[in-house]
Amino acid sequence: MRILHILSQKPDFTGSGKYVQEMILQGRARGHEPFLVAGVSAGFSMPPDLIEPARCRLVRFDGHDLDFPVMGMSDVMPYPSTVCSSLTRLQLVEYRAAFRRVVASAVSDFRPDVIHSNHLWMVTAETREAAPHIPLVTTCHGSCLRQHRLCPDLGRSLREALRRIDRIIALFGQQKREIVDLLDVDPDRVDVVSGGYNELCFFSGDDPADTGTVRLLYAGKLDSSKGVPWLLRSLRRVEGNWHLHLVGGGSGTERDLCLRLAAEHGDRVTVHGVLSHRELGALMRESDIFVLPSFFEGLPLVLLEAMACGCRIVTTDLPGSRELFGDSPPPMVRMVELPPLETVDRPFKADEPLLELRLSQALRDAVADVTGGVEPDRDYVRRVTEPFGWRGIFARVEGVYESARNLQEKA
């Protein structure tokens, strides 16, 4: 099968970029032929082991195809980016026209059997218009639903095209319900297929050596919506010997705030920047507790990656986390209750003291488990992580491709 993959951002090691990389690699292993359209910054180079240059078309930002920095699906990206809500009317027209032109070129040259796009947003709408008769599957990663709330007028203008997607993939059950409500589509056209994790990078090893210090780890964007400032402030209330590893990138004032708060802890915090999957997996195997204090997530697969490496988990009780762990996980998973938020990813200012109290208590309890020798429940880890290997996930995605092709044949 010839599969055209569409991504509005670069295929990197985070979020939807990581997902697209795995779709390409797993598809090739199953005998499918991939082609990629992606939006990238001016200096981006495609990973040579991902896809050859003749098999991709790139929309380059920063003064090439488009004059502004790449538009991120989140308002804060781990690299310089443009916020969607700040685009002018002319920039929106240019953005959509550039992707429609490149998608149409790729369709003409590659002649795909199916198109797999990512995000229920502008590029997918333009893909549907550019290729109305080719089976189209779109994966929702959650950030696109947030853009529909942040840019409601633009979102409404896209809905007619988005309703004509043949099959939509939601990462978990509540996300499916949100998609059905937003687009008013038949629930039977929305398949729930989670993302996965790479078992070759994320696996348990020998227990880390006892250094007398509890090793905490965060991996993700350095910004407030991920709860990083909240984490760093909460650690002021956590006694004992602990050390936090911060992994990830950011930009602008959000990154600067995180780095300033990290510096206040002196040598108790190490800032690593962005790591490859293999590097992150190795660091997870050396860590005791993985912390994800995010205010907004789709399905946070980084929690599975950390758990597969032997980490205990402290995370917020977002729907995606509950989807992974259930409402009553064992003590190795501590879920911090969030109050109602002011926006989709920001708490009310008045609730910040309560949030710090809750997170610091969860961290203290997790640290006490480590120092007290309470071992992670390995049977639970195996039950939770086994269904999320990429090979099995892609086999389910293949079934969605076939359903989309059957719908087009009947049309």
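Residues to consider are VAL397, VAL333; find the one that is within 16 Å of SER194 (Cα to Cα), in contact (Cβ under 8 Å) with a residue 12 or more places away in the chain and buried (at least 20 other Cβ atoms within 10 Å of the Cβ). Let's see the steps before the verdict.
On the way: VAL333 fails: within 16 Å of SER194 (Cα to Cα).
Just a single option satisfies the conditions, and that option is VAL397.
Could you say which residue among SER224, SER204 is within 30 Å of HIS265 (Cα to Cα), touching a Gly at 6+ places or on another chain (Cβ under 6 Å) and crowded, with 16+ Cβ neighbours inside 10 Å? Working first, answer last.
On the way: SER224 fails: touching a Gly at 6+ places or on another chain (Cβ under 6 Å).
SER204 is the lone residue from the list that is within 30 Å of HIS265 (Cα to Cα), touching a Gly at 6+ places or on another chain (Cβ under 6 Å) and crowded, with 16+ Cβ neighbours inside 10 Å.
Mind listing whichever residues of the range 308-345 are more than 30 Å from CYS151 (Cα to Cα) and within 16 Å of the chain's Cα centre (by Cα)?
So the first thing to find is which residues in the range 308-345 are more than 30 Å from CYS151 (Cα to Cα), and the list is 308-314, 325-335.
Of everything in the range 308-345, nothing turns out to be more than 30 Å from CYS151 (Cα to Cα) and within 16 Å of the chain's Cα centre (by Cα).
Applying the selection to the range 315-334, what residues are of a type in the set (Ser, Thr, Tyr) and closer than 18 Å to GLY220 by Cβ?
Start the filter on the range 315-334 by keeping residues that are of a type in the set (Ser, Thr, Tyr), which leaves 315-316, 321, 328.
Correct list: THR315, THR316, SER321.
Output the residues belonging to the range 27-65 that are buried (at least 20 other Cβ atoms within 10 Å of the Cβ) and in contact (Cβ under 8 Å) with a residue 60 or more places away in the chain.
Correct list: GLY27, PHE35, VAL37, GLY39.
Hey, any hits in the range 269-290 for a residue that's in contact (Cβ under 8 Å) with a residue 24 or more places away in the chain and within 23 Å of PHE348 (Cβ to Cβ)? Reasoning before the result, please.
Kept after step one, since they are in contact (Cβ under 8 Å) with a residue 24 or more places away in the chain, are these residues of the range 269-290: 269-278, 280-281, 283-290.
Going one step further and asking which of them are within 23 Å of PHE348 (Cβ to Cβ), we end up with none.
Looking through the range 269-290, none of the residues is in contact (Cβ under 8 Å) with a residue 24 or more places away in the chain and within 23 Å of PHE348 (Cβ to Cβ).
Have a look at GLU305, GLU297 and point out the one that is acidic (Asp, Glu) and either over 18 Å from the mean Cα position of the chain (by Cα) or within 13 Å of LEU171 (Cβ to Cβ) (or both).
Details: GLU305 fails: either over 18 Å from the mean Cα position of the chain (by Cα) or within 13 Å of LEU171 (Cβ to Cβ) (or both).
Answer to the check: GLU297.
Go through the residues of the range 366-388 one by one and say whether even a single one is among the hydroxyl-bearing types (Ser, Thr, Tyr) and without any contact (Cβ under 8 Å) to a residue 60 or more places away in the chain.
Initial filter on the range 366-388 (among the hydroxyl-bearing types (Ser, Thr, Tyr)): 371, 380, 385.
With the extra rule that they be without any contact (Cβ under 8 Å) to a residue 60 or more places away in the chain, the set shrinks to 380.
Looking for residues that are among the hydroxyl-bearing types (Ser, Thr, Tyr) and without any contact (Cβ under 8 Å) to a residue 60 or more places away in the chain, one finds at least one in the range 366-388, hence yes.
Counting only residues that are out of contact with any Lys or Arg (no Cβ under 6 Å at 6 or more places or on another chain) and charged (D, E, K, R), which one in the range 140-166 is surrounded by the fewest Cβ atoms within 10 Å (Cβ to Cβ)?
By that ranking, first place goes to ASP153.
To keep it simple, each residue is scored yes or no on (1) under 23 Å from ASP166 (Cα atoms); (2) β-branched (Val, Ile, Thr); (3) more than 25 Å from the chain's Cα centre (by Cα).
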site: ASP365; (1), (2), (3): no, no, yes
site: PRO387; (1), (2), (3): no, no, no
site: VAL400; (1), (2), (3): yes, yes, no
site: ARG405; (1), (2), (3): yes, no, yes
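Here is a list: VAL93, VAL83. Which entry is out of contact with any Phe, Trp or Tyr (no Cβ under 9 Å at 6 or more places or on another chain) and under 23 Å from PHE44 (Cα atoms)? Reasoning before the result, please.
Values: VAL93 fails: under 23 Å from PHE44 (Cα atoms).
Within the list VAL93, VAL83, the selection yields VAL83.
Can you spot a residue in the range 84-98 that is over 22 Å from ALA161 (Cα atoms) and within 23 Å of the chain's Cα centre (by Cα)? Step through it out loud before you land on a result.
Step one: filter the range 84-98 for residues over 22 Å from ALA161 (Cα atoms), giving 86.
Subset that is within 23 Å of the chain's Cα centre (by Cα): 86.
Yes: the range 84-98 contains one or more residues that are over 22 Å from ALA161 (Cα atoms) and within 23 Å of the chain's Cα centre (by Cα).
Given the residues GLY220, GLY227, GLY196, which is the only one that is in contact with a Pro (Cβ under 8 Å, 6 or more places away or on another chain), closer than 29 Å to GLY389 by Cβ and touching a residue at least 24 places away in the same chain (Cβ under 8 Å)? Please lay out each step first, then the result.
Working: GLY220 fails: in contact with a Pro (Cβ under 8 Å, 6 or more places away or on another chain); GLY196 fails: in contact with a Pro (Cβ under 8 Å, 6 or more places away or on another chain).
Answer to the check: GLY227.
Give the range 248-265 a look and list any residue that's in contact (Cβ under 8 Å) with a residue 12 or more places away in the chain, assigned to a helix (DSSP H, G or I) and over 23 Å from the mean Cα position of the chain (by Cα), or say none. Give the derivation first.
Our first condition is that a residue be in contact (Cβ under 8 Å) with a residue 12 or more places away in the chain; within the range 248-265, this holds for 248-252, 254-255, 257-259, 261-262, 264-265.
Now drop any that are not assigned to a helix (DSSP H, G or I), which leaves 252, 254-255, 257-259, 261-262, 264.
LEU261, ALA262, GLU264 - these are the residues of the range 248-265 that are in contact (Cβ under 8 Å) with a residue 12 or more places away in the chain, assigned to a helix (DSSP H, G or I) and over 23 Å from the mean Cα position of the chain (by Cα).
For the range 60-101, which positions are β-branched (Val, Ile, Thr) and either touching a Gly at 6+ places or on another chain (Cβ under 9 Å) or at pLDDT below 90 (or both)? Break it down stepwise before answering.
Within the range 60-101, the first condition is being β-branched (Val, Ile, Thr), and the residues that meet it are 70, 76, 82-83, 88, 93.
Result: VAL70, VAL76, THR82, VAL83.
Do the conditions hold for VAL400, that is, is it at pLDDT 90 or above, within 23 Å of LYS18 (Cβ to Cβ) and in contact with a Lys or Arg (Cβ under 6 Å, 6 or more places away or on another chain)? Walk me through how you get there before you give the answer.
Details: at pLDDT 90 or above: yes; within 23 Å of LYS18 (Cβ to Cβ): yes; in contact with a Lys or Arg (Cβ under 6 Å, 6 or more places away or on another chain): yes.
Answer is yes for this residue.
Which strands (runs of 3 or more DSSP E) does the range 266-374 wholly contain that include 3 or more residues that are of a type in the set (A, V, I, L, M), modelled with pLDDT of 90 or more and out of contact with any strand residue (DSSP E or B) (no Cβ under 6 Å at 6 or more places or on another chain)?
Details: elements: 269-273, 289-292, 312-316, 333-336, 341-343.
Once the strands (runs of 3 or more DSSP E) in the range 266-374 are filtered for at least 3 residues that are of a type in the set (A, V, I, L, M), modelled with pLDDT of 90 or more and out of contact with any strand residue (DSSP E or B) (no Cβ under 6 Å at 6 or more places or on another chain), nothing remains.
The values are calculated or read from the model by the stated rules, or taken from the named source; none is laboratory data. Here the structure is a predicted model, which is why all the values come from computation and not from measurement. Backbone-built Cβ (ideal geometry, glycine too); neighbour counts: all protein chains shown.
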